[in-house]
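The values are calculated or read from the model by the stated rules, or taken from the named source; none is laboratory data. Because the structure is predicted, anything quoted here is derived from the model rather than measured. In this analysis, Cβ positions are derived from the backbone assuming ideal geometry, glycine residues included, and neighbour counts consider all displayed protein chains. Heavy atoms of the whole protein, side chains included, go into the accessibility calculation; ligands, DNA and RNA do not. Shrake-Rupley method; radii C 1.70, N 1.55, O 1.52, S 1.80 Å.
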Amino acid sequence: MSDLPHYALYVAGRWRAGSAGQVMHSINPATGAPWATFDCAASEDIADAVGAARAALDDPAWRDMTQTARGKLLYRLADLIADSAAHLGSIETTDSGKLAAETRAQTGYVADYYRYYAGLADKIEGAVLPIDKPDMHVYTQRLPIGVVAAVVPWNAQMFLAATKVAPALAAGCSVIIKASEMAPAPMLEFAKLIEAAGFPAGVVSVVTGDAVNCAIPLTRHPDVDRIAFTGGPEAARHVVRNSAESFAVTTLELGGKSPILVFDDADVEAAANGLIAGNFGASGQSCVAGTRGFVQRGIYDRVVRAVTEKSAGLIVGDPHDAATHLGPLCTTAQIMRIEETLTAAQVQGARVAFGGARVAGLDGNYFQPTLVLADNAATETMKVEMFGPVMTLMPFDTEDEAIALANDSDFGLGSGVFTQNVARAHRVSRRVRSGITWVNTYRAISPIAPFGGFNQSGYGREAGREAILDYTRVKTTWIDTSNTPMANPFVMR
């Protein structure tokens, strides 16, 4: 194993081994074999990273940098990301199993997130208040919120990091990125670009490790002012409890079980493409996967047939191969969860129309694209987030029924509506309880558009103009402009 690539931690502007000496292997999901090793952070490393982040806020090199200069630094980082997109994408594919075509394209687009917030860096403004007291000049400023803990999962990590790191740096904060120990290499490669861009030491640190030694000390640290977390609900509950002592401002993006509603006036081909994109794109390993498909009964059979025909030619295999449509899942635990859920659904009366098994002849974590047909919204595949290429379709009759089915979930991140009726599109999207609704498309993203959910899909928003303000605090300053000394407060007039 000594010839495998090794990644150290990036703390306070330098590369270092974990203080506890813990080293883990990163497993290539396409082969099931280790491909790299990495140092794991211990509580001492987290304390050093947070201390360096706190010191950076008082370092004139970062504290006194103008907002415009911060923007230029982010533009430089964006260019480095764009130039490194192929390399970063290849690393992410090897580490997580996502298709190289997707990781490279997504990383290239991630550069636009940094450019977007670079442009907003000197648009953070305060205001002079028309105060109701004479001789008082009162104004507000938006100042950096402070030290940010950005907790990023293994899937789409360059994108999910950008939605946190870009606005935080544009606002003048310092950031500790906690990369998933399941596949941390892309974030540690990203740290090299932070270093090359010229950010002052301590402004950005990148660490990884398990919950006990890394995540908990970070989210519990009293000097962390802001936590931006993407992950599952159970981990999020721990994060919220951990933040209670310090009252760190927290936002949560927790994934879900997104519904896709297909009405009988929809373009069947577009709807089938949307269902496939929403379920088999990224091998189903997406927080907005549209795994609950509801199709109006009049076109239900046509949609099932179209999805089946379009899926028949999908190629599952090597994620680095340009001909591949679905790569492996990141972990074997996902496959076990899918198998258990499919078994339970079939006991409940659901039918597997195609797929439903591991891919024979391949050594990695490969699972077939799968379509489940159900008549009951309580079917297990309609309830469990499997994080794999499994789609469930169920018929409905009326618009009100479709909306009720869509809202019958603990989650509320994404949703899709396929219809040619513009009034219905507006009406239904308003009533479906989700943070995002795509109409006649699916999985589109932009740095300009806020991203986030309702219910147990979390709270707060990432991306969009408002997100940068979430990394600031408002300070109010009062100045008495009169020539009269301040009155004795104990003499009433």
Requested in this report: Provide, as a two-decimal number, the C-alpha radius of gyration of the range 173-265 over 2.2 N^0.38 Å, N being how many residues it has.
Outcome: 1.34
Report summary line: Per 5 angstrom bin, beginning at 0 and ending with the bin that holds the maximum distance, the Cα pairs of the range 295-428 fall in percents of 2, 9, 17, 19, 20, 16, 9, 6, 2, 0
**Report entry** Exposure rule at most 12 other beta-carbon atoms within 10 Å, DSSP loop GluC sites (Glu not before Pro): the chain longest free segment
**Finding:** 246-493
**Report entry** Loop chymotrypsin sites (Phe, Trp or Tyr not before Pro), the range 386-493, which have at most 16 other Cβ atoms in a 10 Å radius of their Cβ (DSSP)
**Finding:** PHE490
Report task. Would you give the gap between the C-alpha center of the range 274-291 and the C-alpha center of the range 371-397, rounded to a whole Å? Result -> 13
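Kindly flag which residue pairs out of LYS192/LYS257; LYS72/LYS257; LYS164/LYS257; LYS98/LYS123 have an alpha-carbon separation exceeding 28 Å in this structure.
Among LYS192/LYS257; LYS72/LYS257; LYS164/LYS257; LYS98/LYS123, the Cα-Cα distance tops 28 Å for LYS192/LYS257; LYS72/LYS257; LYS98/LYS123.
ASP3 to ALA322: FRET efficiency via 1/(1 + (r/R0)^6), r the Cβ-Cβ distance, R0 30 Å, to the nearest 0.05?
On the way: r = 28 Å, r/R0 = 0.93.
Approximately 0.60, to the nearest 0.05.
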Query raised in the report: Relative contact order, percent, of the chain when contacts are C-alpha pairs under 8 Å separated by at least 6 residues?
Result: 18
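Can you give me the relative contact order of the range 116-172 as a percent, contacts being Cα pairs under 8 Å and 6 or more apart? Let's see the in-between values first.
Values: 42 pairs, mean separation 21.9, N = 57.
Value for the range 116-172: 38 percent.
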Query raised in the report: If you project the alpha carbons of the range 29-124 onto the principal axes, what extent comes out on each, in Å, largest first?
Result: 49, 35, 17
Requested in this report: Return the long-range amide H neighbours of ASP264 (sequence gap of 5 or more, or a different chain), with a cut-off of under 5 Å between placed amide H atoms.
Outcome: GLN296
Query - Backbone HN-Hα couplings from phi across the range 361-377 [Karplus 6.51/-1.76/1.60, Hz, Gly and Pro as x] - result: x, 10, 7, x, 8, 9, 9, 5, x, 10, 10, 10, 10, 9, 10, 9, 5
Query raised in the report: What ³J(HN,Hα) values, in whole Hz, does the Karplus curve 6.51 cos²θ - 1.76 cosθ + 1.60 give for the range 156-173 when θ = phi - 60°, with x put for Gly and Pro?
Result: 6, 6, 5, 5, 5, 5, 4, 5, 9, 5, 4, x, 5, 5, 4, 7, x, 7
Report summary line: CD proxy, 222 nm, the chain: helix-only mean residue ellipticity via -39,500 (n - 2.57) per DSSP H run with n ≥ 4, per residue, nearest 500, stands at -11500 deg cm²/dmol
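Using a Förster distance of 30 angstrom, determine the FRET efficiency expected from the C-beta separation of THR332 and ARG305, and round it to 0.05.
Values: r = 33 Å, r/R0 = 1.10.
Computed FRET efficiency for THR332 and ARG305: 0.35.
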**Report entry** Calculated FRET value between SER482 and ASP58, using beta carbons and R₀ = 60 Å, to 0.05
**Finding:** 0.95
Query raised in the report: Under the Karplus relation 6.51 cos²θ - 1.76 cosθ + 1.60, θ = phi - 60°, what is the ordered set of whole-Hz ³J(HN,Hα) values for the range 189-204, x standing for Gly and Pro?
Result: 5, 4, 4, 5, 6, 4, 5, 5, 5, x, 5, x, 4, x, 5, 9
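Counting only heavy atoms of protein chains, what accessible area per residue, in Å², does the chain have with a probe of 1.4 Å?
On the way: 20210 Å² over 493 residues.
Result: 41 Å² per residue.
Leaving ligands, DNA and RNA out of it, report the carbon-plus-sulfur percent of the accessible area of the chain at a 1.4 Å probe.
Numbers: 10810 of 20210 Å².
That share works out to 53 percent.
Gain in length, THR398 to LEU314, computed as 0.36 nm per residue apart minus the alpha-carbon separation, to one decimal in nm?
Full extension from THR398 to LEU314 adds 27.0 nm.
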Query raised in the report: Dipole of the range 1-91 (Lys/Arg Cβ +1, Asp/Glu Cβ -1, origin at the Cα centre): which of TRP35, VAL11, ALA85 lies farthest to the positive side?
Result: ALA85
Query - Share antiparallel - DSSP beta bridges, the chain, percent rounded to 5 - result: 40
Query raised in the report: Mind listing P(r) for the chain? All alpha-carbon pairs, 20 Å bins, whole percents.
Result: 23, 51, 22, 4, 0
Report task. Please list the equivalent ellipsoid semi-axes of the range 407-493, computed as the square roots of five times the alpha-carbon gyration tensor eigenvalues, in descending order and whole angstrom. Result -> 48, 15, 14
Requested in this report: Pull up the DSSP beta bridges for the range 103-241 and report the antiparallel fraction as a percent, rounded to 5.
Outcome: 15
Report summary line: In degrees rounded to 10, the 0-90 angle between helix 67-83 Cα long axis and the longest Cα principal axis of the chain is 30
Query - Inter-probe distance in nm under a simple model that places probes 7 Å from Cα toward Cβ, at ALA69 and THR37 - result: 4.2
Query - Nearest-ten-degree value, helix 233-243 long axis tilted from longest Cα axis of the chain - result: 10
**Report entry** Simple label model, 7 Å out from Cα along Cβ direction - GLN141 to ARG465, nm
**Finding:** 2.4
